[in-house]
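All remarks here apply to the structure that follows.
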Amino acid sequence: MIPRPRTATSLARLASGWAAGGFGFLVVMLGGWWFTLAVGVIVHLALLEFFRMARFKGIRPAIRTTLVAVQLLLLCTQAAAGSGWFAPEVAADLVAAVLPASGAVICGWLLLQPSTGTIADIAASIFGLFYLGYLPSHWIKLRALADPALAPSLTNTTLPSTGWPWTSGLALTLLACFLIVATDLGGYAIGRRWGRHPLSPISPGKTVEGALGGMACALLVGAAGGLWLGWRWGGVLGGLLGVVVSVFALVGDLTESMMKRDAGLKDSGDAIPGHGGILDRIDSYLFVPAVVYSLVTLVVPLLQRG
């Protein structure tokens, strides 16, 4: 078989994909406020795309108010989780207060408009705050983790040739990203080769075989990650984490596809050459951090003490 020559579109897609991956790796390594700044810029652009889809449906969300509320939530999360500015109990109360207060402000803003908001306007605004504010804020919480018990084998170690200290937050954030990438690559490769049965009418290109292939790849990467982190029963626990991440990455992908289908759009935007919009690229990354953060902070310490 003669290989097809790469087109300008495919080259642009490849270049932008590598650039996005490199940028993501850099900001994860930096952590702290640099990481929060990057997350803030990304979700701001993605939220604009989400509201664009909502307006295609005739919905009038509280765009500016929600954009400000999302950034406030991310900043408060970083201030509480990584800066040491607040006592732990005060920090937890601060972050917990932002979401309901922001929801109330959004509703108040819609009430004050010349044309009073509708249920759809309120729902789109509050969902935007949750979908692209509360959920991504868990990336910041995950990156800020510092409990050595969450990565026992990396305690007091540094990255080879760099002297960069390993923390449980850095290791877990990288592992979560690698699990999503493994899901995407495994699903694409297996689905393209053996995919026969459509997974959902929402996304005709996805197949059951592809979904299972992505899940299997994430399981293997997760098992290796659990052993690398030094968890008790690391292979089993890491493999289970990989399966869970794969499922929620797929849910994130299909959720965004469902919204695009409802709005009658092929892509959420055109910010990334060959890939569509920002939201098209981060949809798999939205539900995952909350799941990973909850599992590793609740389950891993219990097993380590067991």
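The values are calculated or read from the model by the stated rules, or taken from the named source; none is laboratory data. This structure is a prediction, so every number in the text was calculated from the model and none was measured. Methodologically, a virtual Cβ is constructed for each residue, glycine included, from the backbone with ideal geometry; neighbour enumeration extends over all protein chains shown. The protein model used for the area step is the full one, side chains on, heavy atoms only, and it has no ligands, DNA or RNA in it. Shrake-Rupley method; radii C 1.70, N 1.55, O 1.52, S 1.80 Å.
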(request) For the stretch 121-257, just say rounded, prolate or oblate: build the C-alpha gyration tensor, square-root its eigenvalues into a ≥ b ≥ c, call rounded for a/c under 1.5, and beyond that prolate if a/b exceeds b/c, oblate if not. (result) oblate
(message) Rolling a 1.4 Å sphere over the protein heavy atoms, what is the accessible area per residue of the stretch 120-237, to the nearest Å²?
(response) 47 Å²
(message) Below 8 Å, C-alpha to C-alpha, sequence gap of six or more: please give me the relative contact order for the chain in percent.
(response) 19 percent
(request) Grab the Cα-Cα distance for Tyr188 and Leu37, subtract it from 0.36 nm times how many residues apart they are, and report the gain in nm with one decimal. (result) 51.3 nm
(request) Place a +1 charge on the Cβ of each Lys and Arg in the chain and a -1 charge on the Cβ of each Asp and Glu, then give the dipole magnitude about the Cα centre in debye, rounded to the nearest 20. (result) 680 debye
(request) Between Ala104, Ala290, Ala38, find the one with the highest GNM mean-square fluctuation for the chain; connect C-alpha pairs within less than 10 Å. (result) Ala104
(request) Search the structure for amide H atoms under 5 Å from the amide H of Thr207, placed 1.01 Å from N in the peptide plane, and list their residues when 5 or more places away or on another chain. (result) Leu199
(request) Could you work out the local net charge near Asp253, counting Lys and Arg as +1, Asp and Glu as -1, over the other residues with Cβ closer than 10 Å to its Cβ? (result) -3
(request) Please check the chain for the longest run free of chymotrypsin sites (Phe, Trp or Tyr not before Pro) that are loop-located per DSSP (anything but H, G, I, E, B) and have at most 14 other Cβ atoms within 10 Å. (result) 86-232
(request) Please work out whether the stretch 203-306 counts as rounded, prolate or oblate from its C-alpha gyration tensor, where a ≥ b ≥ c are the square roots of the eigenvalues and a/c under 1.5 means rounded, while otherwise a/b larger than b/c means prolate and anything else oblate? (result) prolate
(message) Could you identify which residue out of Leu179, Leu159, Leu241 has the top mean-square fluctuation in a GNM of the chain using Cα springs shorter than 10 Å?
(response) Leu159
(request) Among Gly22, Gly210, Gly276, determine the one that fluctuates most according to a GNM of the chain built with springs between C-alpha atoms less than 10 Å apart. (result) Gly22
(request) Enumerate the helices in the chain for which the Kyte-Doolittle hydropathy averages 0.0 or more and the C-alpha atoms extend at least 20 Å along the helix's axis, using complete DSSP H runs. (result) 8-30, 32-56, 63-82, 88-111, 168-194, 208-229, 234-263, 288-305
(request) Compute the Cα gyration tensor for the chain, then decide on rounded, prolate or oblate, letting a ≥ b ≥ c be the square roots of its eigenvalues: rounded whenever a/c is under 1.5, prolate when a/b is larger than b/c in the other cases, and oblate in all that remain. (result) oblate
(request) Would you mind telling me the share, in percent, of accessible area of the chain contributed by carbon and sulfur at probe 1.4 angstrom? (result) 70 percent
(request) Work out the FRET efficiency for Trp164 and Thr255 from their Cβ-Cβ distance, taking R0 = 35 Å, and round it to the nearest 0.05. (result) 0.50
